[in-house]
Amino acid sequence: MKLLTLNFLTCALKPCKASPLSFPLHPRDAELEIVESELNLSFLRNILPRLAWEELRGVVRELGLPDLPEIMPEAEALGKASSGKKTNENAANENTITTTTDEDELSPKPEVQPEAEEPDLEPTQTALDLHRLLLETSLRAGSLVCGNCGHAYKVKEGVANFLLPGHLV
Amino acid sequence: MLSTPSTAHVCFDRVYEPAEDSFLFLDTVSSAPETAFLGDRFGQRSEQRRSPPLVVEVGVGSGVVLAFVAANAPAIFGRHDVLCLGTDLNSFACRAAAQTVQTAIKEPAREPSVFLDVVNGDLASCIRPHSVDVLIFNPPYVPAELPDFSRHADYNTLPPESRSTTFEQDSYLLELSYAGGDDGMVVTNRMLEQIPAMLHPTRGVAYLLLCAQNRPDAVKSRIRDWGPGWLAETVGTSGRQAGWEKLQIIRIWRQELAG
Ligand SMILES: C[S@@+](CC[C@H](N)C(=O)[O-])C[C@H]1O[C@@H](n2cnc3c(N)ncnc32)[C@H](O)[C@@H]1O
Ligand SMILES: [Zn+2]
């Protein structure tokens with residue numbers, strides 16, 4: 001289970017939801033693993049306002065992982081203009097550019113370009129670190145403990161079990 | 001036509017096999033009116049554009065619906081930074097679904113959206129209140145006696161020292177996927193009760209599947225009585241017979257109140 005998931009979870013017991021202590025859940029006896037995934041820069045930039053930064057910092061500390069920065073980074077700190085990679089490629093392959101350029105001029109541009117505002121951004125070290133911590137660092141086994149009622153939800157093979165005895169009846 | 005995610009690795013002896021109801025979800029969320037609605041609410045051009053929407057599917061089963069949404073986020077939401085989270089009572093479904101979603105978003109031509117996890121839980125009870133932007137639920141909707149939950153913990157894991165499930169266990173797990181109690185509405189009613197507290201207060205929307213025996217018109221009018229602004233409309237149907245829809249999907253949302 002990814003650390004980012006903890007940003008959205010709370011104790012499954014109804015009476016706990018009113019208590020600020022039920023968030024975040026606290027990992028205990030955690031066995032961590034890294035599951036690599038592709039970095040999605042616009043996601044990282046946009047998710048920042050949804051993160052409970054202080055709470056996530058706490059979880060990261062409890063896990064004994066390198067601290068998150070004290071202050072949440074700005075979206076601008078996650079991307080930097082890309083280096084001159086494109087130019088080099090072009091120089092090496094002139095025929096291809098000519099064709100591409102022609103096509104570009106002829107075909108109408110699609111009206112909505114989802115990523116139009118951040119065309120050539122590359123992830124900064126801050127972005128790489130954040131991605132590694134929130135999306136690649138995963139809880140393989142252990143428990144998640146509610147700070148209010150003390151219930152420990154087990155995590156096995158990466159799947160957290162939030163079922164409570166007698167919950168369904 | 002967007003392609004259907006592969007569920008070739010899933011064992012349908014104990015996990016719900018995608019069927020007409022599942023496919024109605026795929027068709028409905030990718031239909032022109034729904035992508036227009038969702039794009040308006042969550043797309044790059046909407047006011048909320050900065051914040052990636054959280055999509056939660058309750059009762060993921062094989063994961064076919066969540067994987068479809070995750071893999072086709074740009075077509076459905078007009079953006080690819082969508083967060084996907086699933087839940088199911090059936091732990092075997094949780095594992096199967098996680099793999100279905102992961103496979104679907106890894107396809108080379110995709111712009112990956114972000115898959116969080118599938119957790120083993122009851123409805124959306126472990127998710128933070130008011131955080132869900134899009135809730136999806138294809139519930140156990142058949143009017144049939146509810147399974148006996150008292151053995152859930154035993155049936156939900158492999159028997160000790162064994163590498164396979166028992167026949168009894170498989171029957172129980174499949175019962176979870178269809179048996180909905182009186183009018184097929186017992187599980188759905190529990191979900192409906194939680195929806196106002198789960199959804200994001202302004203932009204939250206839920207898609208819920210109902211069958212004819214669930215008395216969809218009564219369900220919709222009950223939702224409209226939740227309070228000012230609450231709306232419920234049928235946005236997808238299948239199996240039309242003599243003016244009756246066998247299955248339908250309703251959209252539940254809150255209209256912004258003026259002022
Ligand atoms: C009709 S199947 C739908 C599966 C899948 N979403 C699809 O469309 O193919 C219903 C699913 O809900 C799950 N389920 C039943 N009751 C549940 C509950 N209280 N909480 C979470 N999941 C539940 C079942 O295990 C099953 O996987
Ligand atoms: Zn608790």
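Quick notes on this one:
- Scanning the range B:159-177 for residues that are in contact (Cβ under 8 Å) with a residue 24 or more places away in the chain and over 14 Å from the mean Cα position of the chain (by Cα) yields a total of 8.
- The residue that is nearest to the other protein chains (Cβ to nearest Cβ), among those in the range A:1-25 that are open to solvent by 20 Å² or more (accessible area, probe 1.4 Å) and away from ligand 2 (no atom under 11 Å from the Cβ), is A:K2.
- Tallying residues that are open to solvent by 20 Å² or more (accessible area, probe 1.4 Å), without any contact (Cβ under 8 Å) to a residue 60 or more places away in the chain and of a type outside the set (D, E) within the range B:138-157 yields 7.
- Any hit, the range B:34-45, residues being of a type in the set (V, I, T), modelled with pLDDT of 95 or more and closer than 30 Å to B:E175 by Cα: no
- One residue from A:P49, A:P24, A:P15, A:P69 being modelled with pLDDT of 95 or more and either of a type outside the set (S, T, N, Q) or within 16 Å of ligand 1 (Cβ to nearest atom) (or both): A:P24
- Which listed residue is open to solvent by less than 10 Å² (accessible area, probe 1.4 Å) and not aromatic (F, W, Y), from B:D81, B:D40: B:D81
- Enumeration of residues in the range B:181-223 that are of a type in the set (D, E, K, R) and out of contact with any strand residue (DSSP E or B) (no Cβ under 6 Å at 6 or more places or on another chain): B:D182, B:D183, B:R190, B:E193, B:R203, B:R215, B:D217, B:R222
- Extreme residue, farthest from ligand 2 (Cβ to nearest atom), among residues of the range B:158-180 that are open to solvent by less than 70 Å² (accessible area, probe 1.4 Å) and among the charged types (D, E, K, R): B:D170
Quick grid of which residues meet (1) more than 14 Å from chain A (Cβ to nearest Cβ); (2) under 16 Å from the mean Cα position of the chain (by Cα):
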site: B:T7; (1), (2): yes, no
site: B:L26; (1), (2): yes, yes
site: B:P33; (1), (2): yes, no
site: B:F37; (1), (2): yes, no
site: B:L54; (1), (2): no, yes
site: B:G59; (1), (2): no, yes
site: B:R79; (1), (2): no, no
site: B:C84; (1), (2): no, yes
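- Counted residues, the range B:165-184 - those being out of contact with any Pro (no Cβ under 9 Å at 6 or more places or on another chain) and either within 12 Å of chain A (Cβ to nearest Cβ) or over 22 Å from B:V60 (Cβ atoms) (or both): 2
- So A:P114, is it assigned to a loop (DSSP other than H, G, I, E, B), away from ligand 2 (no atom under 16 Å from the Cβ) and either facing another protein chain (nearest Cβ under 9 Å) or modelled with pLDDT of 95 or more (or both): yes
- Residue in the range B:225-236 that is charged (D, E, K, R), more than 30 Å from A:K156 (Cα to Cα) and buried (at least 16 other Cβ atoms within 10 Å of the Cβ) present: no
- Meets criteria (over 30 Å from A:G166 (Cα atoms), touching a residue at least 60 places away in the same chain (Cβ under 8 Å), surrounded by fewer than 22 Cβ atoms within 10 Å (Cβ to Cβ) and among the small types (G, A, S)) for B:A75: yes
- The C-beta contact set for the range A:9-25 (first residue of a type in the set (F, W, Y), second residue assigned to a loop (DSSP other than H, G, I, E, B), distance under 6 angstrom, 6+ apart or interchain) comprises A:F23/A:T10.
Here's the yes/no breakdown for (1) open to solvent by 20 Å² or more (accessible area, probe 1.4 Å); (2) under 23 Å from B:V205 (Cβ atoms):
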position: B:F92; (1), (2): yes, no
position: B:T103; (1), (2): yes, no
position: B:N120; (1), (2): no, no
position: B:I136; (1), (2): no, yes
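The values are calculated or read from the model by the stated rules, or taken from the named source; none is laboratory data. Just so we're clear, the structure is a prediction, and the values are computed from it rather than from any experiment. Because the Cβ atoms are built from the backbone with ideal geometry, glycine has one as well, and the counts that use them run over all protein chains shown. Note: accessible area is taken over every heavy atom of the protein model, side chains too, but ligands, DNA and RNA are not part of it. Shrake-Rupley method; radii C 1.70, N 1.55, O 1.52, S 1.80 Å.
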